[in-house]
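Report on the structure given below.
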Amino acid sequence: MLIRVPFRASTVVLVAGAVAFAGCRSAEAPSPHGLDLTAIDRSVDAGDNFYAFANGAWLKRTEIPADRSTWGPSEAMTEDTALRTRQLLEEAARAAPAAGTVPQQAADYYASYMDDAAIEAKGLAPLQPLLDRIGAIDSISALSRALGEELRADVDALNATNFHTDRLFGVWVTGNLNDPAKSVPYLLQGGLDMPDREYYVADSARMAAVRNEFVAHVSQMLRLAGVPKPDDAAAAVVALETRMARVHATRAESLDVLKANNPWPRAEFPAKAPGLDWAAFLSAARLDREPTIVVWHPAATRGLSALVRSEPLSSWQHWLTFHAADRNAAILPRAFVDARFAFHGKVLNGTPQLAERWKRGIAATNAALPEAVGQLYVGRFFPPETKAQMQAMVKNLIAAFGARIERLEWMSPATKVKAKQKLATLRVGVGYPDKWTDYRPLQIVKGDAFGNRQRAELFDYQRHLGKLGAPVDKGEWWMSPQTVNAVNLPLQNALNFPAAILAPPYFDAAAPEATNYGAIGAVIGHEITHSFDDQGAMFDADGRLANWWTTDDLQHFQAAGAQLAAQYDAYMPFPDLHLNGRQTLSENIADVAGLATAYDGWRASLGNAAAPAVGGFSGPQQFFLAYAQSWLVKWREPALRQAVITDGHAPGEFRADAVRNLDAWYDAFEVKLGRKLFLPPDQRVRVW
Ligand SMILES: [Zn+2]
């Protein structure tokens with residue numbers, strides 16, 4: 001479970017940008033440390049709209065850069081990180097590193113991506129072998145093999161909560177829900193190009209308009225790939241994906257771990273989900289020696305498999321062709337890049353302008369070689385002092401969370417013992433992993449952008465498959481150090497705080513503690529809480545899916561969750577679209593309890609000292625303002641709609657509203673009955 005909506009490589013390629021790098025605040029704030037006082041809008045009442053109070057002036061004066069769908073401090077940090085990474089990779093290239101070393105791989109991957117003249121000159125040639133293989137498919141067995149060969153480890157159900165893959169299925173390899181010491185492959189639904197089934201089935205004029213654009217996009221890609229009668233072929237592809245969408249689980253359903261825990265013996269796949277030639281499929285996917293595969297989406301697996309038999313081979317060939325072109329568009333000639341951006345960038349995200357190539361190149365290199373770039377990045381930009389400071393802060397916040405467990409009036413001593421056991425065994429990774437991925441088997445060839453990407457994806461898949469049969473490494477990282485984000489890993493009972501988020505404005509050694517605790521402290525509290533949110537609470541101290549609760553305690557906990565879900569259900573980002581309180585429940589529990597934990601941790605860090613006022617704001621006010629400023633983000637409308645439909649996180653504005661569940665916020669801003677955010681004490685949700 002993440003702190004914020006992730007920038008997947010595919011997303012960054014679409015939304016990262018063409019304007020000159022502009023730091024979000026450093027140029028305009030009078031003090032570069034702590035609160036951004038120039039963002040605050042004192043004409044708003046803090047109790048009516050706390051987010052606008054903390055951020056209104058910034059929201060009024062800021063335009064989203066043309067190459068982005070969202071903009072705020074986190075996005076500025078991501079751009080800043082990309083700029084520094086570019087410098088590192090360009091320096092690495094000039095140093096002429098030895099073949100097979102990490103600097104060579106990262107620098108050559110980037111340089112090959114950047115060589116758009118070479119990519120243009122090759123035309124369709126790099127894609128052609130793939131198109132030829134698709135063209136030769138003449139039976140269900142051959143189709144099943146082709147579908148199996150395509151599988152990659154490109155989904156992640158519980159850590160990154162990434163449920164989207166445009167391949168027929170996605171694979172995730174991690175500890176078994178029932179025996180977390182052993183790795184197992186999970187199979188998740190896939191096959192859709194658009195972000196979620198809603199885009200295919202929702203009965204609204206808006207989605208119908210997007211679907212029309214989608215048909216045109218598929219047709220354009222097929223035309224570029226040289227398919228005759230591309231309009232007819234596109235109609236077949238869209239019809240096929242619409243049938244896939246109908247059998248897909250919803251985003252909220254995908255979060256139900258209890259429904260996902262379906263270990264299927266390999267031999268039973270043909271009977272349980274007839275259609276695919278499973279033997280051919282699993283052999284091509286290199287899963288033919290696994291005794292058991294956990295099927296996360298059993299109904300979708302049955303439905304997708306049946307489509308392999310019921311739909312014409314030619315539709316599947318068009319579908320494979322479309323995805324081969326669309327997925328690889330970034331490393332094909334400019335016409336492919338533009339066609340992909342016109343739909344994925346403009347239509348789906350509202351982004352007017354394609355990002356400059358270097359930004360897309362950095363995102364692509366990060367996606368292909370996350371820990372190779374990461375080694376270079378932390379070596380330069382993550383001082384040991386920062387790591388030590390963060391480790392101390394995490395320790396303080398774990399203690400604060402433990403004290404909150406102790407103080408819970410409704411929880412029985414028996415459940416408290418179990419909760420504290422789980423807290424005590426939480427593994428916290430700060431900055432970067434103890435052990436780096438070994439990239440030596442991966443060949444990165446300068447000048448072969450297309451081949452590099454295919455080899456990197458296959459290497460990544462094989463690396464994940466390599467975990468099968470070996471003891472689970474509970475220290476494994478699931479996020480690169482140069483990612484502005486953080487993640488909780490339920491099956492490892494572990495947290496990752498990458499180096500790139502441990503920087504201003506989230507964390508600044510020169511800033512007052514109140515703002516550090518309000519920003520990065522709340523992030524840390526959020527991730528700790530994920531081990532105890534509605535999902536995390538179903539895993540024990542070993543990361544096993546097991547109920548450690550007494551019946552009464554669990555009932556109380558679930559009732560509090562339902563109350564919080566109702567609170568978020570009531571938020572309306574659009575007149576025709578409200579938040580899904582269930583889909584965002586884990587994140588909202590983590591926000592509310594994480595903020596409370598950060599507040600307690602900050603008070604404890606003060607000891608008996610008083611916090612100095614800044615800009616006329618008391619210490620507690622600074623704490624809550626820093627929290628609301630950490631969620632500052634401006635959205636383009638299509639991107640916001642997409643997030644509401646597909647993301648487990650509420651949009652930043654509503655995350656800032658978590659404050660209304662904390663008594664300390666009412667005290668800090670003297671919020672009384674009658675203010676819009678006011679909740680009577682019995683309606684303030686206290687989950688932890
Ligand atoms: Zn989260």
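Under the rule of at least 5 residues apart or a separate chain, name every residue whose amide H is placed under 5 Å from the amide H of Ile293.
Amide H to amide H, under 5 Å and 5 or more residues apart or across chains, Ile293 pairs with Trp264, Arg266.
Along its principal axes, what span do the Cα atoms of the chain show, with the longest given first and each in whole Å?
Extents along the principal axes: 75, 55, 53 Å.
Cβ under 15 Å from Leu442's Cβ, Leu442 left aside: what net charge do those residues give with Lys, Arg +1 and Asp, Glu -1?
Details: positive: Arg152, Arg440, Lys446, Arg453, Arg455, Arg463; negative: Asp108, Glu371, Asp438, Asp448, Glu457, Asp460.
With Lys, Arg at +1 and Asp, Glu at -1, the neighbours total 0.
Sum -39500 (n - 2.57) across every DSSP H segment of at least 4 residues in the chain, then divide by the residue count to get the 222 nm mean residue ellipticity, nearest 500.
-15000 deg cm²/dmol
Would you please give the residues with an amide H less than 5 Å from that of Gly429, counting only those at least 5 places away or on a separate chain, with H modeled from the backbone geometry?
Here the answer is Leu495, Asn496, Phe497, since their amide H atoms fall under 5 Å of that of Gly429.
From the phi of every residue in region 211-216, what ³J(HN,Hα) in whole Hz does the Karplus formula 6.51 cos²θ - 1.76 cosθ + 1.60 yield, where θ is phi - 60° and glycine or proline is x?
3J(HN,Hα) across region 211-216, in whole Hz: 5, 4, 5, 5, 4, 5.
Write out the trypsin sites (Lys or Arg not before Pro) in region 246-308 meeting two conditions: DSSP loop, and at most 13 other Cβ atoms within 10 Å of their Cβ.
Sparse-neighbourhood loop trypsin sites (Lys or Arg not before Pro): Arg289.
Grab the other residues whose beta carbon is less than 11 angstrom from that of Arg68, score K and R as +1, D and E as -1, and report the net.
Result for the neighbourhood of Arg68: -1.
I need the GluC sites (Glu not before Pro) found in region 59-109, filtered to DSSP loop residues with at most 14 other beta carbons within 10 Å of theirs. Don't skip to the answer; put the middle values down first.
Numbers: sites: Glu63, Glu75, Glu79, Glu90, Glu91; in loops: Glu63.
Listed in order of number, the matching sites are Glu63.
Please give the contour-minus-distance gain from Ser43 to Arg84: 0.36 nm per residue of separation, less the Cα-Cα distance, rounded to one decimal in nm. The partial results should precede the final answer.
Working: separation 41, 0.36 × 41 = 14.76 nm, distance 3.78 nm.
Full-extension gain reported as 11.0 nm.
I need the GluC sites (Glu not before Pro) found in region 349-429, filtered to DSSP loop residues with at most 13 other beta carbons within 10 Å of theirs. Provide the component values of the computation, followed by the final result.
Numbers: sites: Glu356, Glu371, Glu385, Glu406, Glu409; in loops: Glu356, Glu409.
Here the sparse-neighbourhood loop sites are Glu409.
So how much slack lies between Ser139 and Arg603, counting 0.36 nm per residue of separation and subtracting their Cα-Cα distance, in nm?
Here the answer is 160.3 nm.
Less than 30 Å apart at the alpha-carbon level, and either on another chain or at least 8 residues along: which lysines does that give for Lys446?
Lys122, Lys359, Lys435, Lys467
Assign one of three labels to region 429-486, namely rounded, prolate or oblate, based on the Cα gyration tensor with a ≥ b ≥ c the square roots of its eigenvalues; rounded applies when a/c is under 1.5, prolate when it is not and a/b is larger than b/c, and oblate otherwise.
It is oblate, given that a/c is not under 1.5 and a/b is not larger than b/c.
With a/c under 1.5 counting as rounded, go ahead and sort region 326-463 into rounded, prolate or oblate using the C-alpha gyration tensor (a ≥ b ≥ c being the square roots of the eigenvalues; past the cut-off, prolate if a/b is larger than b/c, else oblate).
Working: a/c = 2.67, a/b = 1.97, b/c = 1.35.
Prolate shape, in that a/c is at least 1.5 and a/b is the bigger ratio.
Rounded if a/c is under 1.5, else prolate if a/b beats b/c, else oblate: with a ≥ b ≥ c from the C-alpha gyration tensor eigenvalues square-rooted, which is region 504-588?
It is oblate, given that a/c is not under 1.5 and a/b is not larger than b/c.
Quick one: check the C-alpha center-to-center distance for region 127-203 versus region 76-107, whole angstrom.
Region 127-203 and region 76-107 have Cα centres spaced 31 Å from each other.
Angle, helix 73-94 long axis vs. longest principal axis of the chain, Cα atoms, 0 to 90°, nearest 10?
The angle comes out near 50 degrees.
Once the Cα atoms of helix 384-407 and of the chain are each reduced to a long axis, what angle between those two axes, in degrees from 0 to 90 to the nearest 10, is obtained?
The two axes meet at around 70 degrees.
Would you list which aspartates and glutamates come within 17 Å of Lys395, measuring only between C-alpha atoms, while excluding same-chain residues fewer than 8 positions from it?
Once the sequence-local aspartates and glutamates are set aside, what remains near Lys395 is Glu385, Glu406, Glu513, Glu527, Asp600.
Using modelled backbone amide H atoms (1.01 Å from N, in-plane), which distant-in-sequence or interchain residues come within less than 5 Å of Gly72's amide H?
The answer is Lys634.
Work out from phi, with θ = phi - 60° and the Karplus expression 6.51 cos²θ - 1.76 cosθ + 1.60, the ³J(HN,Hα) of each residue of region 99-107, listed in order in whole Hz, and give x for Gly and Pro.
4, x, 8, 4, x, 5, 4, 5, 5
Residue by residue through region 659-667, which ³J(HN,Hα) values in whole Hz follow from phi under the Karplus form 6.51 cos²θ - 1.76 cosθ + 1.60 (θ = phi - 60°), with glycine and proline marked x?
4, 5, 8, 10, 4, 4, 5, 4, 5
Tally Lys and Arg at +1 and Asp and Glu at -1 over the other residues with C-beta under 12 Å from the C-beta of Ala403: what net charge comes out? Provide the component values of the computation, followed by the final result.
Numbers: positive: Arg404, Arg407, Lys416, Lys420, Arg603; negative: Glu406, Asp600.
Within the 12 Å Cβ shell, the charges total +3.
How far is helix 413-424 tilted off the main Cα axis of the chain, in degrees rounded to 10, range 0 to 90?
Taking the Cα atoms of the chain, the angle to 413-424 is about 60 degrees.
Readers should treat all values here as calculations from the given coordinates under stated rules, not as data from a laboratory. Since we're looking at a predicted model, the values are computed, not measured. Counting neighbours? That spans all protein chains shown, and the Cβs are built from the backbone with ideal geometry, glycine included.
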